[in-house]
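Colleague: Below you'll find the structure I mean.
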Amino acid sequence: MGLKILGNLPRPQIDSVSLSIIVAGYLTAVNNATFWQRSQELLPTGTLIALVGGIFCLLSALCISLSVKYATKPLFIALIMISAIASWFVDQFGTIIDVEMLQSAIDTTNAEAGHLISFGFVRHLVLYGILPCLLIVWVKIEHRSFWRKLKQNSAFIFPALLIATILFIINSSTFISVGREHKEWMATLNPVMPVGNAVKLGIRTSKNQNIIVEPIGLDAKIADAGTVTRKPRLTIVIAGETARAESFSLNGYNKDTNPELARQDITYFSDTSSCGTVTAVSLPCMFSIYTRDEYSHEKGLATESLLDVLNHAGVHVEWWDNNTGNKGVAERVANESLSDSGNQKYCKNGECLDSIFLEKLDGWMAGVKQDTVLVMHQLGSHGPAYYLRYPEEYRRFTPDCRNTEFSKCSREEVINAYDNTIAYTDHIISSVIDRLKEQQDTLDTSLIYMSDHGESLGEFGLYLHGAPYFVAPSQQTHIPYVMWLGKDAKTTVDEGCLAQQAKEPQSHDKLFHTVLGLMQVKTNIYSSALDTLSSCRIKTADPVFTQRQ
């Protein structure tokens, strides 16, 4: 309809350089509210003016370089739409569009994507993306012959680059010092950073296509496999989603978000850090042999995970997913997506409440006859649709935000909705523990819960998660870590020592080796230094896992 109306009006003509400069001015000024607000806070007036001029000159040079016949309009439209989309998430949630955030966007399910497409987002996209693009479609662009165009473009591009260079050199000391102190500052520049990071992601994806997974732990075996009198071991690992330690009453939070776990005989590790701030990083990292300092996306893809090592040892392994997939962790073991089950009791629009785990667990546990590790990957507290993560009976903290557009809710309402998700996760974990207790006569049971990363709820103007790790606030990296040991597993551990260990720093680095220790899997790649329980383990028949005498 809009194109038809514009088509009935006389179409103005504009030369390619003039249009390029207008587009550069628009990209500089309109869709960079967060960047300019931050720049104004950090820079003196003279330096700020130089930064505006320098960026405008650079974008002008870029747009003029792209103003090739037949390609000008598509490229300009792409830049404007990218800047409009990115500016919504940067301005509304404080999101930084880096490589890992873009990877997460690719991995997002249709249901999750739907929560982000609110009325406010559509309105923003129409005003700041579609309308400017319609104007570009409407106008006629005058293109000169190749040599005249080359001459004209060069007359603008090189002076623009020269001016930008001079401005940046004159103010370089300020830019460098501010950039070092506030590394997130330049990361919000739009659309330069989103486009640049998209290119990086494309290069990384291309390189990773031919990766061959390297096996590890082929020597793995169950240390007491020949002991016929013992019970089969069952360890359940709950991989949490977006739970932050600051919102756990077990961690001292002033709301009672953990009433059920507080009544269980659990160990809560109060100082635990995540490997990343997005699931695409944290999930494969926490199940990998690499520490956070060693881990990379490429290493994660190229190396077998904890689940593979358990499989080599003869442990039965299963992965139940109620999220966006296992991120390559469980590709070589039995894995099932519960959100694809079509269970109408728990699922709606492609997403399921985490209580779907409990129903499935009831019948499954009776069939466990051998050493087994089950991983449950929660939907947990994934935002921004917190209110969809818990049933009505767990709507304990009110008023709670019932909208994915946080600007329509008070911060207190957003926090209440998030806290309800934590209370519901508390119920899920506690309910799994209750079921494990019921099986203790026939199984040697234990449970580990670790969240993949945390969540920002307005602190420092940030919401959601995904900040680059080097600038991420503690709300996104300080995670809850819960351990429950059944009556058999508990006899192998000094409880006083474990209580002291709960106060020591922990991290995702510990999961790999702690699970191997719990399952008594003997392998050369096991590290007692990275096993949470190692220093507290009482003397056993197998000296590999003996620390305390």
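Colleague: Grab the DSSP H runs of the chain that are 4 residues or longer, score each as -39,500 (n - 2.57), total them, divide by all residues and round the 222 nm result to the nearest 500 deg cm²/dmol.
Modeller: Counting only the DSSP helices, I get -13500 deg cm²/dmol.
Colleague: Defining a contact as two alpha carbons under 8 Å apart and six or more residues distant in sequence, what relative contact order in percent does the chain show?
Modeller: Values: 931 pairs, mean separation 108.4, N = 549.
Once divided by the residue count of the chain, the mean separation gives 20 percent.
Colleague: Same structure again: Find which of Ala417, Met365, Cys347 sits farthest along the positive direction of the dipole of the range 299-420, computed with +1 on the beta-carbon of Lys and Arg, -1 on that of Asp and Glu, about the Cα centre.
Modeller: Positive-most Cα among the choices belongs to Ala417.
Colleague: Moving on to the next point. So what are the range 283-384's ellipsoid semi-axes, whole angstrom, largest first, if each one is the square root of 5 times an eigenvalue of the alpha-carbon gyration tensor?
Modeller: On the way: eigenvalues 127, 75, 19 Å².
Calculated on Cα positions only, the semi-axes equal 25, 19, 10 Å.
Colleague: Can you sort His478, His508, His312, His465 by how many other beta carbons sit within 10 Å, fewest first?
Modeller: His312, His478, His508, His465
Colleague: Taking H as built 1.01 Å from N, whose amide H comes closer than 5 Å to the amide H of Val493, not counting residues under 5 places away?
Modeller: Ile538
Colleague: Also, I was wondering about something else. Which of rounded, prolate or oblate describes the range 396-482 when judged by the alpha-carbon gyration tensor and an a/c cut-off of 1.5? Present the calculation step by step, with values, prior to reporting the outcome.
Modeller: Values: a/c = 4.41, a/b = 1.74, b/c = 2.54.
Because a/c hits 1.5 or more and a/b fails to exceed b/c, the range 396-482 counts as oblate.
Colleague: Give me Ser431, Ser288, Ser16 sorted ascending by neighbouring Cβ count inside 10 Å, so fewest comes first. Don't skip to the end; give the middle numbers.
Modeller: Working: Ser431 16, Ser288 26, Ser16 21.
Ordered from fewest to most neighbouring Cβ atoms within 10 Å, Ser431, Ser288, Ser16 come out as Ser431, Ser16, Ser288.
Colleague: Tell me which of Leu131, Thr404, Val278 sits at the most positive position along the dipole axis of the chain, charges placed on C-beta atoms (Lys, Arg +1; Asp, Glu -1).
Modeller: My answer, from the dipole projection, is Leu131.
Colleague: To the nearest 20 debye, what charge dipole does the chain have about its Cα centre, counting +1 at the Cβ of each Lys and Arg and -1 at the Cβ of each Asp and Glu?
Modeller: Values: 47 positive and 56 negative charges, 450 e Å.
Its charge dipole is roughly 2160 debye.
Colleague: Also, quick follow-up: DSSP loop (so not H, G, I, E, B), at most 12 other Cβ within 10 Å: list which trypsin sites (Lys or Arg not before Pro) in the range 301-370 pass both filters.
Modeller: Working: sites: Lys327, Arg332, Lys345, Lys348, Lys360, Lys369; in loops: Lys327, Arg332, Lys345, Lys369.
Within the range 301-370, the qualifying trypsin sites (Lys or Arg not before Pro) (loop, at most 12 other Cβ atoms within 10 Å) are Lys345, Lys369.
Colleague: Continuing with this model, one more query. Specify the longest stretch of the chain that does not include any exposed loop site, a site being one of the chymotrypsin sites (Phe, Trp or Tyr not before Pro) with a non-H, G, I, E, B DSSP assignment and at most 13 other Cβ atoms within 10 Å. Intermediate values should be presented prior to the final figure.
Modeller: Details: sites that count: Tyr70, Phe470.
That would be 71-469.
Colleague: Please get the size of the charge dipole for the range 403-549, origin at its Cα centre, with Cβ charges of +1 on Lys and Arg and -1 on Asp and Glu, quoted in debye to the nearest 20. Provide the component values of the computation, followed by the final result.
Modeller: Values: 12 positive and 19 negative charges, 101 e Å.
That gives a dipole near 480 debye.
Colleague: So what are the ³J(HN,Hα) numbers for the range 460-468, from phi and the Karplus equation (6.51, -1.76, 1.60; θ = phi - 60°), rounded to whole Hz, Gly and Pro as x?
Modeller: For the range 460-468, the Karplus curve yields 6, x, 9, 10, 6, 8, x, 5, x Hz.
Colleague: Mean Kyte-Doolittle hydropathy of 1.0 or higher plus an axial Cα length of 30 Å or more: which whole DSSP H helices in the chain meet both?
Modeller: Working: long enough: 45-66 (32 Å, 2.17); 72-93 (32 Å, 1.35); 146-170 (35 Å, 1.24); 411-438 (41 Å, -0.41).
Membrane-span-like by this criterion, though nothing is claimed about a membrane: 45-66, 72-93, 146-170.
Colleague: Something else: Shape call for the range 140-203 from the C-alpha gyration tensor, a ≥ b ≥ c root eigenvalues: rounded (a/c under 1.5), prolate (a/b greater than b/c) or oblate?
Modeller: Values: a/c = 3.46, a/b = 1.57, b/c = 2.20.
Cα axes put the range 140-203 in the oblate bin.
Colleague: Work through the residues other than Ala489 whose Cβ is under 9 Å from its Cβ and net out their charges, Lys, Arg +1 and Asp, Glu -1.
Modeller: On the way: positive: Arg233, Lys487, Lys490; negative: Asp444, Asp488.
Local charge sum for Ala489: +1.
Colleague: In percent, what relative contact order does the range 211-335 have, based on Cα pairs under 8 Å that are 6 or more apart in sequence?
Modeller: Values: 114 pairs, mean separation 39.3, N = 125.
The normalised contact order for the range 211-335 reaches 31 percent.
Colleague: Roughly speaking, what % of Cα-Cα pairs in the chain are separated by over 46 Å, rounded to a whole number? Display every interim value, and only then the final one.
Modeller: Numbers: 36562 of 150426 pairs.
Tail of the P(r) past 46 Å holds 24 percent of the pairs.
Colleague: In debye, nearest 20, what is the charge dipole magnitude of the range 2-207 about its Cα centre with +1 on Lys and Arg Cβ and -1 on Asp and Glu Cβ, if you could check? All intermediate terms of the calculation are to be shown ahead of the outcome.
Modeller: On the way: 16 positive and 10 negative charges, 191 e Å.
It works out to roughly 920 debye.
Colleague: Per 10 Å bin, what percent of the C-alpha pairs of the range 2-207 does each bin hold, from zero upward?
Modeller: 8, 29, 35, 23, 6, 0
Colleague: Which links in Lys140/Lys200; Lys255/Lys327; Lys183/Lys510; Lys73/Lys200; Lys369/Lys437 stretch past 26 Å when you go from one Cα to the other?
Modeller: Listed pairs above 26 Å: Lys140/Lys200; Lys255/Lys327; Lys183/Lys510.
Colleague: What number, in percent, do you get for the relative contact order of the range 2-207 if the mean sequence gap of Cα pairs under 8 Å and at least 6 apart is divided by its residue count? Provide the component values of the computation, followed by the final result.
Modeller: Working: 185 pairs, mean separation 85.6, N = 206.
So the answer I get is 42 percent.
Throughout, read-outs are computed from the coordinates displayed, never taken from laboratory work. Keep in mind that this is a model prediction, so the values were computed, not measured. FYI the Cβ positions are ideal-geometry reconstructions off the backbone, even for glycines, and counts take in every protein chain you see.
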